[in-house]
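Here is the structure we will look at.
The values are calculated or read from the model by the stated rules, or taken from the named source; none is laboratory data. Every value quoted in this text rests on a predicted model; they were computed, and no experiment measured them. Quick reminder, even Gly has a Cβ in these numbers, built from the backbone with ideal geometry, and neighbours come from all protein chains shown. Protein only, heavy atoms only, side chains kept; ligands, DNA and RNA dropped before computing areas. Shrake-Rupley method; radii C 1.70, N 1.55, O 1.52, S 1.80 Å.
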Amino acid sequence: MNIELAEYDVAWPGLYERERSRVLAVLPDAELEHVGSTSVPGLCAKPVIDLMLVVDDPLDEAAYVPALEAAGYRVTVREDDWHDHRILKGPDTNINLHVFPRGCAQVRRHLLFRDWLRDDAEDRELYASAKRALAGREWERVQDYAAAKTEVVLDILERAYLARPVEPGEVEFVTETLPHNAPVVLEDYNPVWPRWFAVEEAKIRAALGERIVRLEHVGSTSVPGLAAKPLIDILLIVPDSADEDAYVPALVAAGYSLRLRERVWHEHRLLKGTEPKVNLHVYSPRCEELDRMLAFRDRLRAYPEDREEYERTKRELAGRTWKRVQDYADAKTRVVERIILRALS
């Protein structure tokens with residue numbers, strides 16, 4: 001099959017508004033966005049209107065599917081192993097409604113790609129040229145055409161993420177950190193690191209019990225074969241990370257110390273452990289960082305070429321003198337974002 005692209009049609013925003021009104025009539029509080037190529041003025045596209053609906057839990061279809069069915073939509077795709085993504089077809093065949101969970105990194109990915117193409121004429125033309133070149137080929141499935149665009153999409157997204165990062169906001173240090181002023185020491189992967197995590201996991205579970213929503217080993221020590229600082233990064237999800245009284249005293253009693261607060265940036269809290277060295281990152285559910293950290297870890301575990309690319313970057317940067325270890329972490333941003341984008345594609 002060939003892919004038929006149409007030049008941008010000024011009627012497309014109106015079609016989106018029609019579908020938005022249709023959805024809001026049955027889901028008045030729906031969080032909706034126009035995404036995909038028809039949402040970018042001046043961009044050629046398949047004449048399909050893509051809507052993105054953000055819900056608390058796509059798996060809880062009873063909360064939104066019956067209402068949408070009453071408006072003429074029907075579920076056509078369920079991807080439980082990919083962000084719990086759902087696709088519903090609209091009453092017209094040229095309408096796709098994509099459903100993602102709140103806090104899913106795919107939500108920002110779609111919006112950032114759309115907004116970047118709206119603002120950047122050069123990348124908009126780059127994307128259009130790639131689409132036209134690929135559309136002329138024979139494809140067995142539309143999904144194969146979409147997959148063939150991955151390289152140019154990732155190229156554009158990398159520029160967009162670096163140009164428009166999520167600003168962390170003010171960092172409130174509860175306990176001060178001494179300047180590092182030295183290189184960063186990396187060690188070859190040590191199989192003892194998962195056992196260190198297991199000990200810390202047991203300690204945290206004993207301290208917090210049912211207050212834990214999720215607990216994961218993340219960071220470089222969680223990736224077999226990857227060189228790392230001998231420091232265990234742990235991701236802790238609690239019902240409300242801003243409610244420190246609900247978990248910080250218990251963790252302090254277990255030997256951790258509260259190091260910093262980032263109220264603007266996902267209400268992130270960082271606690272430190274000393275034997276072994278531990279960074280305990282605390283977030284609330286439906287936080288984009290949860291999605292990103294796990295996607296990064298799982299990609300490095302599964303793809304040796306990405307793991308090797310990341311390790312080369314780490315070793316190159318580690319030998320420099322850094323005022324703060326965070327400066328070393330920040331210097332890895334480009335390669336980290338590139339790998340996360342691959343994981344999310």
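Can you work out the base-10 log of I(q)/I(0) for segment 62-127 at q = 0.12, 0.17, 0.18, 0.27 1/Å, using the Debye formula on its C-alpha atoms alone?
Taken in order of the listed q values, log10 I(q)/I(0) reads -0.43, -0.75, -0.81, -1.09.
Once the convex hull of the alpha carbons of segment 114-172 is built, what does its volume come to per residue, in cubic angstrom?
So the per-residue hull volume is 94 Å³.
Decide, for segment 211-304, between rounded, prolate and oblate: order the square roots of the alpha carbon gyration tensor eigenvalues as a ≥ b ≥ c, take rounded if a/c falls under 1.5, and otherwise choose prolate if a/b is larger than b/c, else oblate.
In terms of gyration-tensor shape, oblate.
Per residue, how many Å² of accessible area does segment 101-191 show with a 1.4 Å probe?
I get 58 Å² per residue for segment 101-191.
How large is the Rg to Rh ratio of segment 295-345 when both quantities use alpha carbon positions and Rh follows Kirkwood?
Radius of gyration over Kirkwood radius for segment 295-345 works out to 1.01.
What is the distance, in nm, between label points placed 7 Å from the Cα along the Cα-to-Cβ direction at residue 24 and at residue 240?
Each label point lies 7 Å from its Cα, and together they span 3.0 nm.
Accessible area per residue, 1.4 Å probe, Å², for segment 296-345: what's the number?
Accessible area per residue: 53 Å².
So, taking all protein chains as they sit and a 1.4 Å probe, how much accessible area belongs to residue 321, in Å² rounded to tens?
Its heavy atoms expose roughly 100 Å² to the probe.
Please sort by residue number the GluC sites (Glu not before Pro) in segment 113-180 whose DSSP state is loop and whose Cβ has at most 11 other Cβ atoms within 10 Å.
For GluC sites (Glu not before Pro) across segment 113-180 that sit outside H, G, I, E and B with at most 11 neighbouring Cβ atoms in 10 Å, the list reads 138, 140, 170, 176.
Only Lys, Arg, Asp and Glu count, each charged at its Cβ (+1, +1, -1, -1), so figure out the dipole size of the chain about its Cα centre, rounded to 20 debye.
For this selection, approximately 700 debye.
Where both partners of a DSSP beta bridge lie in the chain, what percent of those bridges are antiparallel, to the nearest 5?
Percentage antiparallel, nearest 5: 70.
Taking the full set of protein chains and a 1.4 angstrom probe, give the accessible area of residue 74 in square angstrom, rounded to the nearest 10.
130
How large a share of the accessible area of the chain, in percent, is made up of carbon and sulfur atoms when the probe is 1.4 Å and the other protein chains stay in place?
C and S fraction of accessible area: 51 percent.
Give the angle, between 0 and 90 degrees and rounded to the nearest 10, that separates the Cα long axis of helix 193-208 from the longest principal axis of the Cα atoms of the chain.
90
List, largest first, the extents of the alpha carbons of segment 162-274 along their principal axes, each in whole Å.
The principal-axis extents, from largest down, are 39, 38, 28 Å.
May I ask you to give the solvent-accessible area per residue for segment 13-67, in square angstrom, as obtained with a 1.4 angstrom probe?
Roughly 41 Å² per residue, with all protein chains present.
Can you tell me the Rg and the Dmax, both Å, for the Cα atoms in the chain?
22.5, 65
Working with all protein chains in place, sort 212, 237 by solvent-accessible area computed with a 1.4 Å probe, largest first.
Final ranking, largest accessible area leading: 212, 237.
Would you mind pulling out the separation of the Cα centroids of segment 60-102 and segment 173-227, in Å?
A separation of 38 Å, based on Cα centres.
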